[in-house]
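Q: Supplied in structure tokens, the structure appears directly below.
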Amino acid sequence: MTGPGGSAQLLEKLSAIESDSLLGLIAMADADTRPDKIDVGVGVYRDGAGRTPILRAIKAAEQRLWDEQQTKAYLGGAGDRRYTELLRPIVLGRHAEDERILGLHTPGGCGALSLGFKLIAAARPQARVLVGTPTWPNHIPVIGAARLEVSRYGYYDRDQRVIRFDEMMQRLDGARRGDVVLLHGCCHNPTGADLDDDQWADVVRTVAHRGLLPFVDIAYQGLGRGLDEDARGLHRLLDACDEVIVAHSCDKNFGLYRDRVGSLWIKTGDPGQSRIAMDHVLQIAREMWSMPPDHGAAAVRIVLDDQTLTADWKVELGEMRDRIARVRKQIAAADPRLAYIGEQYGMFSMLPLEIDQVRKLRTDHAIYMADSGRFNILGMADHALDRFIAAVIGSIDG
Ligand SMILES: Cc1ncc(COP(=O)(O)O)c(C=O)c1O
């Protein structure tokens, strides 16, 4: 594989690939020069003025970090251990003292997902991963990169706007012992349709009874009903199952998106076995990124280590949650066909639009959402909401 001069020619064998649809959408919205464009494709929180602010508590923590940090020496593969320790009660609730559950700091929720699936591949390469459709676009490639087989089932009925719960349960009932079930902890991205309490109870019972391994992806804790309420399903799984894997993100609930702040949690039936699993996780992390980035986790650590900053963070998180609920209600009240949006949670919902309608919204109204009709409830400033709603209703009416 060398050229005429003897130089390497490996990379020229690569063929072109299609860019990730979400990244393509962001680029398309960026390139639109119309001043009133609305980008509800990208998944970041925006306030009433359309900005994605840095939280007050984080700004204060960063100031303190700047003033007090004495070194940038390596932290080690497990990252910021105090950050993980402080996160324990938030993620694990009543299970925080359980020595069978160990956690470590990762580069975002995505890093935790990759690590968790690679751990499963190391433990049981033949495991299948059950994933509901639709799901967050990264899930399938991340599972594929771990070389695990994906088995899909319909999670959401777009026309009826309900969870296809019977189908989901049928698939869990028919799964093989040792298969993995990927579950969204809260604020289901992309549909906004979360399992209710009774449905969680059925899922937990079946997962435990069938010997399946639940893998919970919880990226929006506190942006649905509340910090503890949003982890209720996860806590019930921890009540019932000896083995659980959790990928957690602080990127949304602390507004730290680009700083990449996450954690991975592993529960096995025995503390010694959990330590062995963690050694594997550290080994895999070493191969992937060696050590996680420090800054964002250090800011979260400072917030959670200080009662005043923690209280302020909770106020800000509550404000974000209230804004999501308010905008949801406003959209829901505009038309009975959008009423379901008021019943859902989190930053995303799916509009009853076909791909040509979505594309027409782009060309005619400079409104950018995913081809599936998935949109960010908070993608627009308050002043743009009426225009957005009118354009969507016009599009549904045809
Ligand atoms: C369902 C889900 N899981 C995980 C993530 C990963 O989040 P992070 O930005 O922390 O990697 C996202 C990001 O949007 C998500 O929506």
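Q: Where nothing but the Cβ of Lys and Arg (+1) and of Asp and Glu (-1) is charged, how large is the charge dipole of the stretch 329-398 around its Cα centre, in debye to the nearest 20?
A: Dipole of the stretch 329-398, to the nearest 20 debye: 120 debye.
Q: Label points 7 Å out from Cα along the Cβ direction at Ala27 and Asp306: separation in nm?
A: Once both label points are built, they end up 4.1 nm from each other.
Q: Can you find, among Ala127, His95, Gly76, the residue farthest towards the positive end of the dipole of the stretch 17-139? Put +1 on the C-beta of Lys and Arg, -1 on that of Asp and Glu.
A: The one lying farthest along the dipole's positive direction is His95.
Q: With the full set of protein chains in place, find how many percent of the accessible area of the stretch 1-98 is carbon and sulfur; take the probe as 1.4 Å.
A: The C+S portion of the solvent-accessible surface of the stretch 1-98 is 57 percent.
Q: Just want to confirm a number: the relative contact order over the stretch 1-80, from Cα pairs under 8 angstrom separated by 6+ residues, in percent.
A: 13 percent
Q: Which Cα, out of Gly342, Ser15, Gly394, lies furthest along the positive dipole direction of the chain (beta carbon charges, K/R +1, D/E -1)?
A: Ser15
Q: Would you mind checking which residues have amide H under 5 Å from Gly185's amide H? H placed 1.01 Å from N; only 5 or more apart, or other chain.
A: The list, which skips near neighbours in sequence, is Asp217, Ile218, Ala219.
Q: Another question about this same structure. Ordered by residue, what ³J(HN,Hα) values in Hz, to whole numbers, does the stretch 168-181 give under the Karplus form 6.51 cos²θ - 1.76 cosθ + 1.60, where θ = phi - 60° and Gly and Pro are x?
A: 4, 5, 4, 5, 5, 4, x, 6, 7, 3, x, 6, 10, 10
Q: Follow-up. Restricting to Cα pairs below 8 Å that are 6+ residues apart, what does the relative contact order work out to for the stretch 195-273? Please round to a whole percent.
A: RCO, the stretch 195-273: 28 percent.
Q: Residues with amide H under 5 Å of Val150's amide H, sequence separation 5 or more or different chain, H placed in the peptide plane at 1.01 Å from N; which?
A: So Val150 has HN proximity to Val129.
Q: Per 0.36 nm of contour for each residue apart, how much would the distance between His280 and Arg51 grow if the chain were fully extended, relative to their Cα-Cα spacing?
A: 78.4 nm
Q: Let me ask something else about it. Could you calculate the contour length gain from Asp382 to Asp270, that is, 0.36 nm times the residue separation minus the distance between their Cα atoms, to one decimal place in nm?
A: 35.2 nm
Q: List the residues whose amide H sits under 5 Å from the amide H of Leu213, counting only those 5 or more places along or on another chain, with H placed 1.01 Å from N in the peptide plane.
A: Distant-sequence amide H within range of Leu213: Gly178, Asp179, Val180, Val181.
Q: Right, another one. Can you give the accessible area per residue of the stretch 257-385, in Å², using a 1.4 Å probe?
A: Result: 43 Å² per residue.
Q: Further question: Let me spell out the model: positive unit charges on the Cβ of Lys and Arg, negative unit charges on the Cβ of Asp and Glu, origin at the Cα centre of the chain. What dipole size does that give, in debye rounded to 20?
A: The calculation lands at about 480 debye.
Q: Before rounding to the nearest 500, sum -39500 (n - 2.57) across all DSSP H runs of length at least 4 in the chain and divide by the residue total; then give [θ] at 222 nm in deg cm²/dmol.
A: The helix contribution divided over the chain gives -14000 deg cm²/dmol.
Q: What relative contact order, as a whole-number percentage, does the chain give when Cα pairs under 8 Å and 6 or more residues apart are counted?
A: Across the chain, relative contact order equals 26 percent.
Q: Residues in the stretch 190-204 near a label at Val150, defined as backbone nitrogen under 18 Å from the 7 Å Cα→Cβ point?
A: Taking a point 7 Å out along Cα→Cβ of Val150, the residues of the stretch 190-204 whose backbone N falls under 18 Å are 190-192.
Q: If you take the beta carbon distance between Lys329 and Leu11 as r and set R0 to 56 Å, what does 1/(1 + (r/R0)^6) give as a FRET efficiency, to the nearest 0.05?
A: According to the calculation, E is roughly 0.60.
Q: Applying 1/(1 + (r/R0)^6) with R0 = 56 Å to the Cβ-Cβ distance of Thr133 and Thr71, what FRET efficiency is obtained, to the nearest 0.05?
A: 0.75
Q: Suppose every K and R has +1 on its Cβ and every D and E has -1 on its Cβ; what is the size of the dipole of the stretch 154-259 about the Cα centre, in Debye to the nearest 20?
A: 240 debye
Q: Please calculate the 1.4 Å probe accessible area of Leu195, with all protein chains present, and give it to the nearest 10 Å².
A: Result for Leu195: roughly 20 Å² accessible.
The values are calculated or read from the model by the stated rules, or taken from the named source; none is laboratory data. Note that this is a predicted model, so its numbers are computed, not measured. Virtual Cβ from ideal backbone geometry, glycine too; neighbours counted across all protein chains shown. Quick note on the areas: whole protein, heavy atoms, side chains included, nothing else; ligands and nucleic acids left out. Shrake-Rupley method; radii C 1.70, N 1.55, O 1.52, S 1.80 Å.
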